[in-house]
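All of the numbers you see were taken from the coordinates with simple rules; none came from a lab. Just so we're clear, the structure is a prediction, and the values are computed from it rather than from any experiment. Cβ coordinates were reconstructed from backbone atoms using ideal geometry, including for glycine residues, and neighbour counts include every protein chain displayed.
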Amino acid sequence: MTSDNPFTLLGIRHHGPGSARSVRHALEELQPDMILVEGPPDAEDLLPLAGQPGMRPPVALLIYLPDQPQRAVYYPFAEFSPEWQAIQYGLRHAVPVRFMDLPQAQRLALPEDSPPDTPDATWQDAQEDAADPPPPTPLLRQDPLSWVAHVTGYGDGERWWEHLIEQRQDNRDVFQAILELMTALRAEATPEPPEPHEALREAFMRKVMRQAQRQGCERIAVVCGAWHVPALLRMPSAKEDDALLKGLPKVKVTATWVPWTHGRLTYASGYGAGIEAPGFYQHLWDTPERVSVGWLSRVAQLLREHDLNASTASVIEAVRLADTLASLRGRALPDLSDLNEATQAVFCAGDSLPLRLIHEQLTVGECLGQIPEATPMLPLQQDLLRLQKRLRLPAEASQRVLELDLRKSNDLERSQMLHRLHLLSIPWGQGERTSGKGTFKENWRLQWKPELAVALIEANVWGNTLVDAATAFTQDRVRHSEQLTELTHLTEQVLLADLPATMGELMTRLQNVAAVTSDIPHLLEALPPLANILRYGNVRQTDTGLVAQVVNGLATRICIGLPAACSALDDEAAQSMFSRLLTFNNALTLLQDDQQLQQWRAVLQRLVRQQGLHGLLAGRGCRLLFEQNELDVAAVEEYMALAISMANEPHSAASWIEGFLHGSGLILLHHEGLWRILDHWVMNLREDAFLPLLPLIRRTFATFSAAERRQMGARLQQGPQQLLDSRNDVDDFEETRGNGVLPLVMQLLGLNEENPSGA
Amino acid sequence: MTTLLREHAEQQFAVEFDELAQADNRSRPPNWKLSPWAVATYLLGGVLPNGYQIIPKYIGDRRLMEVAIATLATDRALLLLGVPGTAKTWVSEHLAAAVSGDSTALVQGTAGTSEEAVRYGWNYARLLAEGPSLEALVPSPIMRSMEMGKIARLEELTRIPADVQDALITVLSEKTLPIPELNTEIQAQKGFNIIATANDRDRGVNEPSSALKRRFNTVVLPLPATLDEEVSIVQQRVESIGKTLELPAEPPALEEIRRLVTLFRELRNGLTLDGKTKIKSPSGTLSVAEAISVMNNGLALAAHFGDGRLHAQDLAAGLVGAVIKDPVQDRIVWQEYLETVVKERDGWKDLYRACREV
């Protein structure tokens, strides 16, 4: 560098606390009169907000297309981000701060650049990464310092950086070293797939640098990703860069700040590389000295909070083990994996479960940022506003009741909007019970409260439109849900909110949870709603194949587990199992899948023979088999006679009858044998047994229709004798009186006996 | 050629130790025969600078072995934990051999292990003849190791009665062994440490007191991480056992072993290998050792009652017995697995049918 060169290049690692600290030292030493930061110039106007008291990182700069909010880019900042520290320094010392990257207005207009930056893609990728614990070696360009650290044996770029700093006295020396390292790397390594528009971005950076120089600034600090440093050092002619940048397309973009979370910092977005351990980095930033001791003490405290043993002596041992591990692995400082392994061996007795707790609470250390009130409106807020306007449903602080007719498209959309908000835990409307029948009516009680606006801002991290946010949020809930009932409940909500994109994930999760559930009642409850979806396909674009697979698996599991789940039930449990069996049976009948029905009938056959099965269930099993032509009348008579024979407890016999007859007694009227068995049983009940059973039997008969009951009553009035004879031919009638009726009958039938020859 | 049935690690791998000692120029903790780095190389295998090839003794996670070695280098004792058949004893023997050059200071933990086996006993003839003296004392392996600064091994820690276990606390925390009868004590030399092993599933048998547990760093040895690793272990063992039993059956095809190991791994992990379907896990361990015994069982059946070749039905009987340990719960798990996974898998039809018949 020549002495009249005004630029000081600070090559950094995005989100690196070590870099952040070095940048701060370097800035304090340099006293710059201009700071250039790698970042989107579209958001430059928002920079002063970063200094306001309401601003608390982690936050992110969000740049999006106003008419297409799902196309957006996030630039997250944590307190320990070097960029954030540079911005804060500038705001504190009233030094102008500029963003110097190629504006997103132009990058979003470039065709190839969009895929990696659309939130959908980053979201998905990030989720997959998060599920897969061992971090992949970062791409050379995205995080070259981490890459170098890996090569030198460090698991983590930060510890390597510390090591580097400790050995060098002067901080600016470090940046010189990085410059040399990167120059060598860029010269030697031909990196993986070339990043789109890298040349354009670097050209633009140089252009901004030249502008700053022209303005007469003398000490310009340039904070940028280490990878770019060599490209910014050698300045080609301004013309060359201008030619490169000329005629780039442009789109209109809007920028704003959004609150961010530590969990989300672990995803790659905006600056490329996500970081694995934001909580650990925060710790590195807060406590620069004695990292292991501080960290392991925090681990011990966390474990103690959760009633796990963690003594001070163990902390000492863990520190020693971590240090020994690091030296065994040929490093001067223990990195996060050394610390974790020491924690596992010393604190957790080899158990890996507490480590998960530590990962969640400390290593990632969930925390939500805040943004000041003056921040421009977020895209999700705008999207909701647009929807409210379009659907003519303004937010009002007073309560109002809304009745929706789902057959009208406007009302349907309103309902979907309210359901989506509900899914996001923004209860603007409360669903109310509708009067009258029909599924097309929905009642809502609407009231907008100020805290809902806050919830809306927080929900923005999930997506920039209501649909996106609700989808992403639901997907996250699906991923973390362990309860089958919760998942089926979600399925219903998702149907109402019409979020087809979540269905695939929901079904997969449902299948997985169902596989490990041994709670048959839960499985029984989960199936009917799914069967409805499958049968009526009332979800648009739902992959019914997926649903069919889930339903199939559920049915098989239920059939295998049902006999065990039905044994030893008390009255109450049997009653609830009874209604579940009914709905399950209806669902299967609805689906008309032969294999499932066959399986189901086989289980029913087993059930009716099962010893000690509650009468209610055995009776219903018999009835179902009879209705499906699996048992003939003779077999049913046999079962019934067995179930209510005198050796059985009258109470269990009564439950059998209730199970068998529940809903309709027509079967009794049609089948003489059954009627007789039942009649015989009632007649032979002793009085002390009859009285307590009466309400039970009455309850059963009350479910029959009035006509059925009338017929039964009539039959009983004839008495047992007549009953027996009712099918016999009757021969003792008076012939003369009979003959008297015949002419009228003839007339009615249109036969004229008196004039057989006709008129 | 040796006539010994089984050699100690330090005898069997004497040449490797010599080579390692020559190549090893890193600093050694006091009384260690090798540096921690060389111990790691001995266990995990590698090539020395002079080109000498060290055979890997432990196939698996390198980081676990590093934690174990680093533990011995601090003065905390090491507890190796794991389900049966995860090479705990094997690792402990090789660690002791590599660190102290001697793996014979061994106390086998049983329900009948007494305090004499952990501390010291008396030669009663001498005691009666000469009165109490150091000469009348019979030192335990642990006491000898303390005097010589070596590694002592304690097998099956959790089977030892709790009161005997607690005799170790003084040894591990004060590094001394008091002998009140002689009003003296033995102070451990540098280099002394204890490697204990314990069975994961037996934790409840004689759970160590928290005072004792606190003196150990615990390393859990996992079951083989990948299918291929497990298949090769099973194959190797089945073939060697088949030879000693002189079974007239053909050694099983790799495909058959692969299928069995797949089944064991899926049930053990509660997840199909493609990671797509979750399943329930039975109550048993389904360790590698059990896979080996199912295989041997099938081979014996094939040899003595079949046509000498292993078929699905030869495996099925042993397989069902290995999976179903609890007659109610495990049967449901097994049936679900059969119906939802085995039934639909290509090329598994014979196994499905054979298992349904059992």
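Which one of A:Ile677, A:Trp84, A:Ile558 is farthest out on the positive end of the charge dipole of chain A, using unit charges on Cβ (Lys, Arg +1; Asp, Glu -1) and the Cα centre as origin?
Of A:Ile677, A:Trp84, A:Ile558, it is A:Trp84.
Would you mind classifying the range A:613-721 by shape? Square roots of the alpha carbon gyration tensor eigenvalues, ordered a ≥ b ≥ c; an a/c under 1.5 is rounded, otherwise it is prolate if a/b is larger than b/c and oblate if not.
Here the range A:613-721 falls in the rounded category.
Dipole size in debye (nearest 20) for the range B:60-220 around its Cα centre, Lys and Arg Cβ +1, Asp and Glu Cβ -1?
540 debye
Where the Cα atoms of the range B:227-357 are projected onto their three principal axes, how long is each span, largest first, in whole Å?
Principal-axis extents of the range B:227-357 (Cα, largest first): 39, 31, 29 Å.
Cα atoms only: what Rg and Dmax, in Å, come out for the range B:1-111?
That works out to 14.1, 48 Å for Rg and Dmax.
Which values, in whole Å and largest first, are the semi-axes of the equivalent ellipsoid of the protein assembly as shown obtained as the square root of 5 times each eigenvalue of the Cα gyration tensor?
Calculated on Cα positions only, the semi-axes equal 67, 51, 26 Å.
Using only the alpha-carbon atoms, what does the range A:379-467 span along each of its principal axes? Please give whole angstrom values in decreasing order.
Taking the Cα atoms of the range A:379-467, the three principal extents are 39, 24, 21 Å.
Take the range A:593-676, drop everything but the C-alpha atoms, weight them equally and run the Debye formula without solvent; then report log10 I(q)/I(0) at 0.16, 0.25, 0.27 Å⁻¹ to two decimals.
-0.57, -1.31, -1.47
Compare the Cα positions of A:Ala177, A:Ser567, A:Pro53 along the charge dipole of chain A (+1 at Cβ of Lys, Arg; -1 at Cβ of Asp, Glu; about the Cα centre) and return the one farthest towards the positive end.
My answer, from the dipole projection, is A:Pro53.
Report, largest value first, the span of the C-alpha coordinates of the range B:60-220 along each principal axis, in whole Å.
Principal axes ranked by extent give 55, 31, 24 Å for the Cα atoms.
Students often check this: by mean Cβ neighbours within 10 Å, which of A:241-249, A:484-492, A:220-228, B:17-25 ranks highest, and how do the rest follow?
A:220-228, A:484-492, B:17-25, A:241-249
Order the peptides A:444-454, B:253-263 from the highest to the lowest mean number of other Cβ atoms within 10 Å of their residues.
In decreasing order of mean packing, A:444-454, B:253-263 become B:253-263, A:444-454.
Please list, in chain and number order, the residues 5+ apart from B:Ile54 or on another chain whose amide H is under 5 Å from its amide H, with Hs placed from the backbone.
Excluding prolines and chain starts, which carry no amide H, the hits are B:Gly46, B:Val47, B:Leu48.
Tell me, rounded to the nearest percent, the portion of alpha carbon pairs in the range A:260-349 spaced more than 19 Å apart.
46 percent
Could you go through the range A:413-424 in sequence order and give the Karplus-derived ³J(HN,Hα) for each residue, using 6.51 cos²θ - 1.76 cosθ + 1.60 with θ = phi - 60°, rounded to whole Hz, and x for Gly and Pro?
So the Karplus estimates, Gly and Pro as x, are 5, 4, 4, 4, 4, 5, 5, 5, 4, 4, 4, 7 Hz.
What is the local net charge at B:Leu310, summed over the other residues whose Cβ is closer than 12 Å to its Cβ (Lys, Arg +1; Asp, Glu -1)?
-4
Using a 10 Å cut-off on Cβ to Cβ distances, tally the other chain neighbours for every residue of A:341-347 and report the average as a whole number.
Across the residues of A:341-347, the mean count of other-chain Cβ atoms within 10 Å is 6.
Per-residue ellipticity at 222 nm for chain A, helices alone: DSSP H runs ≥ 4 residues times -39500 (n - 2.57), over residue total, nearest 500 deg cm²/dmol?
-18000 deg cm²/dmol
Let me know the charge dipole size of the protein assembly as shown about its Cα centre in debye, to the nearest 20, where only the beta-carbon of Lys, Arg (+1) and Asp, Glu (-1) is charged.
In total the dipole reaches around 1760 debye.
Using modelled amide H (1.01 Å from N, peptide plane; none on Pro or chain starts), what sits under 5 Å from the amide H of B:Val138, excluding residues fewer than 5 places away?
When sequence neighbours closer than 5 places are left aside, the close amide H contacts are B:Gly121, B:Trp122, B:Asn123.
Calculate, for A:Glu28 and A:Met377, the FRET efficiency according to 1/(1 + (r/R0)^6) with r their C-beta to C-beta distance and R0 22 Å; round to the nearest 0.05.
The pair A:Glu28/A:Met377 has a calculated efficiency of 0.05.
Through the Karplus equation 6.51 cos²θ - 1.76 cosθ + 1.60, θ set to phi - 60°, convert the phi angles of the range B:99-114 into ³J(HN,Hα) values in whole Hz; use x for Gly and Pro.
Working through the residues one at a time gives 6, 10, x, 7, 10, 8, 6, 10, 10, 8, x, 9, 5, x, 5, 9 Hz.
Per-residue mean of other chain beta-carbon atoms within 10 angstrom of the beta-carbon, peptide B:63-76?
6
Is there a simple number for the mean count of other chain Cβ atoms within 10 Å of the Cβ of residues in B:212-223, and what is it?
For this peptide, the per-residue mean of nearby foreign Cβ atoms is 4.
Any idea what angle helix A:594-609 forms with the longest principal axis of chain A, computed on alpha-carbon atoms, 0 to 90 degrees, nearest 10?
Helix A:594-609 and the main axis of chain A meet at about 60 degrees.
Hull surface divided by four, with the convex hull built on the Cα atoms of the range B:290-358: how many nm²?
Value for the range B:290-358: 4.6 nm².
Report, in debye and to the nearest 20, how large the dipole of the range A:358-479 comes out about its Cα centre when Lys and Arg carry +1 and Asp and Glu carry -1 on their Cβ.
Charge dipole of the range A:358-479: 680 debye, to the nearest 20.
Are there GluC sites (Glu not before Pro) in the range B:102-178 that DSSP puts in a loop and that have at most 15 other Cβ atoms within 10 Å, and which ones?
B:Glu174
Considering the dipole of the protein assembly as shown built from charges on the beta carbon (Lys and Arg +1, Asp and Glu -1) around the Cα centre, which of B:Gln235, B:Val333, A:Asn532 is farthest to its positive end?
It is A:Asn532, whose Cα lies furthest towards the positive end.
Can you give the alpha-carbon Rg of chain B over 2.2 N^0.38 Å, where N counts its residues?
My calculation over the Cα atoms of chain B gives 1.17.
Could you give each residue of the range B:24-40 its phi-based ³J(HN,Hα) in whole Hz, using Karplus coefficients 6.51, -1.76, 1.60 with θ = phi - 60°, and x for Gly or Pro?
7, 10, 8, 6, 10, x, x, 6, 8, 6, 9, 6, x, 4, 5, 4, 4
Sequence-distant or interchain residues sharing an amide H contact under 5 Å with A:Phe77, placed H: which?
Correct list: A:Val59, A:Ala60, A:Leu61.
Tell me, what are the semi-axes, in whole angstrom and largest first, of the equivalent ellipsoid of the range A:491-629 as set by the roots of 5 times the Cα gyration tensor eigenvalues?
Rounded to whole Å, the semi-axes are 28, 15, 13.
Counting every Cα pair in the range A:377-416, what percent are over 13 Å apart?
Of the Cα pairs, 58 percent sit more than 13 Å apart.
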